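Since the structure comes first, as structure tokens, the remarks are kept for the end.
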């Protein structure tokens, strides 16, 4: 476009519009200097539309006279929600749907409808935006956790391929514990997926924090599975598994459940604490008993006043 075309277009933006009845999608709107991509509503005295950049636009004729008190209620909220959506990269179809809700609220304002109707539309738009933002945050969390689980699955495959060499070098117990730890990642992913609706997420925190959270959840699940595997091998928890015919299969199942559960690991910790406390009580009791015996020995000894010969006489 040359300079003369630009000047012509700028002059067109200053052109006064007497009626908006004839405008449709793809039409150039001279008052705003924008081309209509999606027409939300138009009448003789006003028009509300989305331009080619999906920015919300509205214009009125000089003949329009509206309730400017209602403007003060609606427009600040519209500006706030539209600004929030601009900082969050919604897909085009979702952005159009969201801004259509905002545009409809403006239509209600221009039509001088009751304030509650406009507020209801704005609240609906706010709810829609929050839902889309929550979906995006959950997607970030699931994406990062899935990548960690993929690495765990590759580790499981490699461990199984080189099982003989690993068991010969490090022993069967080490192999079982490491394999069980990797299964905890699968359990943690199951937990994330099944509880995703209850996850507290905030897209404004950014991708990094959600990537870290998803990764941390998987790592915690693996650590829980590691603790369970060690407890089983030490006969602290589910010791009967070691005498089972399918020891490895049962161990992996329990480790997977441990990665998904929030109760197994605390239960093991309490059992270990109980064992330690019991041992401490036994040690304290033994020390007390030995001290009592030491205190009683001087009273039990027989004191003699002379030699054996004197006693005989």
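The values are calculated or read from the model by the stated rules, or taken from the named source; none is laboratory data. Since the structure is predicted, the reported quantities are computational estimates derived from the model, not experimental observations. We place every Cβ from the backbone using ideal geometry, glycine too, and count neighbours over all the protein chains shown.
Kindly check whether there is at least one residue in the stretch 62-77 that is touching a strand residue (DSSP E or B) at 6+ places or on another chain (Cβ under 9 Å), under 26 Å from residue 204 (Cα atoms), surrounded by 14 or more Cβ atoms within 10 Å (Cβ to Cβ) and modelled with pLDDT of 90 or more.
The answer is no; no qualifying residue exists.
Would a scan of the stretch 107-122 turn up a residue that is out of contact with any strand residue (DSSP E or B) (no Cβ under 7 Å at 6 or more places or on another chain), at pLDDT 85 or above and closer than 22 Å to residue 35 by Cβ?
The answer is no; no qualifying residue exists.
Kindly indicate whether residue 70 is under 13 Å from residue 110 (Cβ atoms) and assigned to a helix (DSSP H, G or I).
Yes.
Among the residues of the stretch 156-174, are any at pLDDT 90 or above, crowded, with 20+ Cβ neighbours inside 10 Å and in contact with a helix residue (DSSP H, G or I) (Cβ under 7 Å, 6 or more places away or on another chain)?
no
Please work out if residue 91 is at pLDDT 90 or above and surrounded by fewer than 21 Cβ atoms within 10 Å (Cβ to Cβ).
So residue 91 does not fit the description; no.
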